[in-house]
Amino acid sequence: MVSFRSIQPPKRFKADTLNPLLGSLAKDPKATEDFSKEVEELLSRVDTMATAGRLEEAVEQLLGLEKKTRQASDGISTSKLVCKICKLYFEAKEWTKLKEHIITLPKKRGQLKRSTTDMVHLAMSWLDGLDKEKRLDLINTLNEVTEGKIFVEVEKARLTQMLAKMKESEGKIDEAASLVQEVQVESFGAMERREKTEYILNQMRLVLAKKDFVRTQIISKKINPKLLESEDFQDLKIQYYEFMIRYWLHEKKFLDVAKCVFAIFNTASVKAEEPKWKEALTARALSLNPSKNVHERDPSATKVFGAERPSLAMAASSSSSSSSIRDPTEASPGVSQSTPRKAVSWGTAEVREYDPPERNQSWPRSETRLRAIAERFAAIRDLATCQTEGAELKAEQVSKMWKDACAIGDLATEIQALLQAARKENNALSVQDRQEPARTKPIVEDANLKAQKSLEGSSLSIDSRQKEKNQSNTAAAAQSKVVSPPVEDPITRAKRQWEEWLQRKRSSLGDKDHPEIAEALLEMGQMMSRVFGDFVKAKHYLIESLQMSRSLHQNHDHSDIAKILHQFGIVSLQAGDLEQAKQQLEESMRMTRSLHQNQDHSDIAEVLHQLGVASRQAGDLEQAKQYLEESLQMSRSLHQNQDHSDIAEVLHQLGVASRQAGDLEQAKQQLEESMRMTRSLDQDYHGHQDRSDIAEMLHQLGLVSREAGDFKQAKQHLKEALRMKRCVYGKTNNLQIATTLKELGLVNRDDGFLPEASQQLEESLKLKLSVGPRSSDPDIAAILNDLGSLNGEIGNLKRAKECFKQCYRQQVSLHGNGDHPGIAVTLHKLGVVTRRSGNLKQAQAQLEESLRIQRSLHKGDHPGIAGTLHELGVLFGDAKDFEKAKQQLEESLRMNRSLHGDGDHPDIAATLRQLATVSRLAGDLN
């Protein structure tokens, strides 16, 4: 049985901090006044008062001083007073009043965390001396106090453990298991690792006692087996694997049972005693006997308990060897184990220097390197698996090389998959090269067609004589050489190869629905969206995969259907169909939660992450933060609060959502934590490696600094992000570089550096347009709008007018000819620039159209309508039509006062100033 640690008050730290692991979560405000002298004087008096029977008077005086110390944030003094009140009632055996004050004292306004924690510790120290009924009553009272308070989460977990122990002693195993199984101690930063492991093992013991094997597996994943290898965790390691043996025996997975027994055998305390390690080896042999697959996976398993048992026994009993023996039942990734291989007699030097020669020069170099990796992997694996007594390598060297071999095997498997299409291409080209001499003929392109192509897109007018001359020259050049047939585009060729692979899959499995075809269709959908960006084809394949999976599983919830819905949601999100993406992701989450019984799982965390992204892009920031925070909490629980790429990515998205919601301080913390975690996970990162994900985090930090008004910091972040993106993408991803250039331009504009801002925005627009013909891109429309405003500000009205006209065309292409706020704003700005250029008639038409659209969209007063009325008043004033000018300005003034009240406001002041100017010009000096 797992031992329960006695309750000990935590070690004291600074006066205002309970536990440094909790950081700001357990930190009280800084004390503004020191009441230590007054407290000591009162404490010396209250004991005498209580002894004389004046208990209530003593408590009243303590409560009066407690209020003063609490309001002054004097944590130590408040803690002493609170604990003294409880102690007086405890010694007087006033149980009702004791419970009442334990509950009410922490609820007082501004109560300090230190006083609450110390009071809980004091009350917990009394539990051992109480009878069963009072102990249960006090535990329930303390559970009520600690509920929902993160700074006493460890105490809450210990109280729950105590209560479960009482239930277990009464034979109520189910109740005891239900109490402890929901406590997520793996996420408690203030609990020591050993106590945390003991707690989780106790959870496993109780759920096993009530035969809840599903929850046993879930809880077992909270313990990292690597942690159990520490010297001070050896006893817990044995308990953990004993519990896992019980689980695997229930699942009838005897190979896993053998691995658990072997892990126990590899424990130092077991190896040190001959009866224990002999018992472990015997149990392992018995568990391997009913396993049906072990000899197929690794024929050397039969040797372990045969001819090689003496060498194992020697290794186990040798006190000088602290190395672990490899489990020969483990399969090796990427290497076939259908036939046994002989042991090799290489030593360390031979293995490290081994590099097979390029025996066939006709192979592609990449395939030669692949074979070299595979052969090296096989040699190292043979050496680790079939070590003989005369082998040169020691056990610890074998263990290290075995890990390297597994990594090489994984790499070889990946390279094989990546080179599959390349080998097909090489074979096809070889066949084509052999057939080329027999079928190749001179092909002459039509001269007129070639001349016509050379003139496409040109705005120059060429007279007929020049055309004839060009055509004759082109024809002569074409006659003098052989034109090769058109070469298939690499992307088109890759698509065709994937589609051929799918067709072969269908042909081999028949026309009926089949799980492998559904899986292949899912892979096709993923490939079309991720690699080729063809969302239409991706959706087509995913729909077919979804229909087939639902047919195979008779529309019941299944992990395959949930996985397809998840991928479908991601593709819809990438294609911009946010409503459909949310529907698919929500259905995937419902199904995944049902399959995993609402327990924490990486699939649920990932779907929540994608739902958060979809909600953020749809503008529902509150819902987005809820999804992302739940995903973050689940990911941290699954990865035991260790750094992980999943946590870093969710923190990044949370930072973006917080920035968009206006919480800039929180956004900065989340983005910086995400960047720190990403860099710490990349062991090759030494402060100089350029990465796209870090560049994106720097970009977002730049946006946060800009919105906070820190333009200097914003420029530093964005310039570093721009430099990094240019190094990473080069010319292959202009959109990423263009986005950062745009934001850098806006920062320079806000900071008053207008020429630099104009240059950066122009470069951003050029990069955006270079991607291809994009007649309806909201990003391009936004850049054009910013460029128009900037040029209008610096007085370049011609360029400003061009930008606003292009922006208007983009807006119409995006939103159609119907009324839309974006079109109204662009027309307003275009009208202002046109008025400043002197074309009052055209400006009037643009402003009146903007006013019409806004009035159709906004019923009643609106700031946009008031602004356009103001500009129309200015225009009529320039046209000397003072009567109309006054009408428009007075209507704008009325609307601004309605919107902003009668107080001071810049819009009201600007309209009043313009009204005065018009009245003066009209001669109306009243």
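The values are calculated or read from the model by the stated rules, or taken from the named source; none is laboratory data. From a predicted model like this one, the values you see are computed outputs, not experimental measurements. Because the Cβ atoms are built from the backbone with ideal geometry, glycine has one as well, and the counts that use them run over all protein chains shown. In case anyone asks, the SASA skips ligands and DNA or RNA and just uses the protein heavy atoms, side chains included. Shrake-Rupley method; radii C 1.70, N 1.55, O 1.52, S 1.80 Å.
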- Message: Given (1) in contact (Cβ under 8 Å) with a residue 12 or more places away in the chain; (2) on the phi > 0 side of the Ramachandran plot; (3) more than 19 Å from the chain's Cα centre (by Cα), identify the lone condition not met by G702.
- Response: (2)
- Among the residues of the range 850-874, write down those that are acidic (D, E) and either free of Cβ contacts under 8 Å to residues at least 12 places away in the same chain or more than 16 Å from T826 (Cα to Cα) (or both). D861
- Message: For the list (1) surrounded by 20 or more Cβ atoms within 10 Å (Cβ to Cβ); (2) of a type outside the set (D, E, K, R); (3) within 39 Å of the chain's Cα centre (by Cα), I need the number of the one condition that S178 fails.
- Response: (1)
- Note on the structure: By my count, helices (runs of 4 or more DSSP H) wholly in the range 59-136 with at least 3 residues that are open to solvent by 40 Å² or more (accessible area, probe 1.4 Å), closer than 23 Å to L159 by Cα and in contact with a helix residue (DSSP H, G or I) (Cβ under 8 Å, 6 or more places away or on another chain) are 75-91, 95-104
- Message: Taking the conditions exactly as written (buried (at least 18 other Cβ atoms within 10 Å of the Cβ), without any contact (Cβ under 8 Å) to a residue 60 or more places away in the chain and assigned to a helix (DSSP H, G or I)), does S892 satisfy them or not?
- Response: yes
- For the subset of the range 235-252 comprising residues that are surrounded by fewer than 16 Cβ atoms within 10 Å (Cβ to Cβ) and at pLDDT below 85, which member is nearest to A268 (Cα to Cα)? L249
- Give the range 895-926 a look and list any residue that's without any contact (Cβ under 8 Å) to a residue 12 or more places away in the chain, assigned to a helix (DSSP H, G or I) and either within 25 Å of L830 (Cα to Cα) or over 48 Å from the mean Cα position of the chain (by Cα) (or both), or say none. P906, A909, R913, A916, R920
- Message: I'd like to check something: does the range 99-121 contain any residue that is more than 30 Å from S637 (Cα to Cα), among the aliphatic types (A, V, I, L, M) and free of Cβ contacts under 8 Å to residues at least 40 places away in the same chain?
- Response: yes
- Just one listed residue, out of S658, S692, S680, is hydroxyl-bearing (S, T, Y) and at pLDDT 90 or above, and it is S658
- Task: Go through the range 781-812 and count every residue that is of a type in the set (F, W, Y) and either within 16 Å of A738 (Cβ to Cβ) or open to solvent by 10 Å² or more (accessible area, probe 1.4 Å) (or both).
- Result: 1
- Note on the structure: Filter the range 480-516 for residues that are at pLDDT 75 or above and aliphatic (A, V, I, L, M); the one that is nearest to the chain's Cα centre (by Cα) is L502
- Please indicate, with yes or no, whether at least one residue in the range 611-619 is farther than 23 Å from R679 by Cβ, free of Cβ contacts under 8 Å to residues at least 60 places away in the same chain, out of contact with any helix residue (DSSP H, G or I) (no Cβ under 7 Å at 6 or more places or on another chain) and in a loop (DSSP other than H, G, I, E, B). yes
- Message: What are the pairs with Cβ atoms under 9 angstrom where one residue, in the range 544-570, is basic (K, R) and the other, located anywhere, is outside any helix (DSSP H, G or I)? Sequence gap at least six, or different chains.
- Response: R550/H556; R550/H558
- Based on what the data block shows, is V571 part of a helix (DSSP H, G or I) and buried (at least 19 other Cβ atoms within 10 Å of the Cβ)? yes
- Going through the range 181-212 one residue at a time, which ones are among the hydrophobic types (A, V, I, L, M, F, W, C) and at pLDDT below 85? V183, V185, F188, A190, M191
- Item | Qualifying residue in the range 91-102 (condition: of a type in the set (V, I, T) and within 16 Å of T141 (Cβ to Cβ)) | yes
- Item | Hits in the range 727-754 (condition: free of Cβ contacts under 8 Å to residues at least 24 places away in the same chain and either within 12 Å of D786 (Cα to Cα) or more than 24 Å from the chain's Cα centre (by Cα) (or both)) | G730, K731, T732, G752, F753
- Message: On the basis of being loosely packed, with under 15 Cβ neighbours inside 10 Å, in a helix (DSSP H, G or I), modelled with pLDDT of 90 or more and more than 13 Å from the chain's Cα centre (by Cα), does E665 make the cut?
- Response: yes
- Yes/no for K259 being within 28 Å of S631 (Cα to Cα) and not hydrophobic (A, V, I, L, M, F, W, C): no
- Scanning the range 164-184 residue by residue, the ones that are farther than 25 Å from G148 by Cα and in a loop (DSSP other than H, G, I, E, B) total 3
- Item | Residue satisfying all of: in the range 529-543; surrounded by fewer than 16 Cβ atoms within 10 Å (Cβ to Cβ) and either in contact (Cβ under 8 Å) with a residue 60 or more places away in the chain or among the hydrophobic types (A, V, I, L, M, F, W, C) (or both); nearest to L573 (Cα to Cα) among these | V536
- Do we find that V833 is of a type in the set (A, V, I, L, M, F, W, C) and over 42 Å from the mean Cα position of the chain (by Cα) in this structure? yes
